[in-house]
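Have a look at this one before I ask anything.
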Amino acid sequence: MAEKKIDGVIEAVRYTTDGKLNLARGYLRRGATWSDRVLLNREELLEEIKTGKNWVIGQRVIYMAGTFETTLPVQVKGSKGQEVIFTSQQPQDNRDNLEGAPVF
């Protein structure tokens, strides 16, 4: 079975005081290559995931161009306006939790 294509990699995040994602720093796939670092706010990341793009937590491998070490897939659950962004287990307190992504 073929591995699912990765459309974006999140390398670090910033949360608001109420636990929601404020900014995600990462890379976007641009055809066969990858973008420079980009900053996505919560709404932009939610839109990317809702359109079916596959995002993961990871880091770029030094001196290896478009090679990444990836860990967990990013998921979204909840109704419109109440979405929760998470990686491994859905948090019970409606706070976003991207486990494995350091805070910047």
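Assigned to a loop (DSSP other than H, G, I, E, B) and basic (Lys, Arg): is that true of residue 14 in this structure?
Answer is no for this residue.
Can you run down the residue pairs with Cβ atoms below 9 Å, 6 or more apart or on separate chains, where the first is in the range 56-70 and touching a residue at least 12 places away in the same chain (Cβ under 8 Å) and the partner is assigned to a strand (DSSP E or B) and among the basic types (Lys, Arg)?
66/29; 66/60; 68/60
Here's another thing I want to ask about it. Residues that are in a strand (DSSP E or B) and either without any contact (Cβ under 8 Å) to a residue 40 or more places away in the chain or of a type outside the set (A, V, I, L, M) (or both): does the range 42-52 have at least one?
The answer is no, given that none of the residues of the range 42-52 is in a strand (DSSP E or B) and either without any contact (Cβ under 8 Å) to a residue 40 or more places away in the chain or of a type outside the set (A, V, I, L, M) (or both).
Would you check which residues across the range 90-104 are farther than 21 Å from residue 43 by Cβ and either surrounded by 11 or more Cβ atoms within 10 Å (Cβ to Cβ) or touching a strand residue (DSSP E or B) at 6+ places or on another chain (Cβ under 7 Å) (or both) and list them?
99, 100, 102
Being more than 26 Å from residue 18 (Cβ to Cβ) and either in a strand (DSSP E or B) or under 13 Å from the mean Cα position of the chain (by Cα) (or both) is the filter here; which residues of the range 54-93 pass it?
Once the filter is applied, which keeps residues that are more than 26 Å from residue 18 (Cβ to Cβ) and either in a strand (DSSP E or B) or under 13 Å from the mean Cα position of the chain (by Cα) (or both), the range 54-93 yields 54, 58, 59, 60, 68, 69, 70.
Within the group 17, 33, 51, which residue is closer than 18 Å to residue 76 by Cα and β-branched (Val, Ile, Thr)?
51
Suppose we filter 87, 33, 71 for residues that are exposed (fewer than 12 other Cβ atoms within 10 Å of the Cβ) and modelled with pLDDT under 95; which single one remains?
Testing whether each residue is exposed (fewer than 12 other Cβ atoms within 10 Å of the Cβ) and modelled with pLDDT under 95 leaves just 33.
At pLDDT 95 or above and surrounded by fewer than 14 Cβ atoms within 10 Å (Cβ to Cβ), is that true of residue 39?
Judged against the criteria, residue 39 is a match.
With the checklist (1) surrounded by 15 or more Cβ atoms within 10 Å (Cβ to Cβ); (2) over 20 Å from residue 6 (Cβ atoms) in hand, flag the one item residue 81 doesn't pass.
(1)
Looking at the range 19-27, is at least one residue over 12 Å from residue 101 (Cβ atoms) and in a loop (DSSP other than H, G, I, E, B)?
Yes, because at least one residue in the range 19-27 is over 12 Å from residue 101 (Cβ atoms) and in a loop (DSSP other than H, G, I, E, B).
The values are calculated or read from the model by the stated rules, or taken from the named source; none is laboratory data. Quantities reported herein were computed from a predicted structural model and do not represent experimental measurements. Ideal geometry is used to build each Cβ from the backbone, glycine not excepted, and the neighbour counts take in all protein chains shown.
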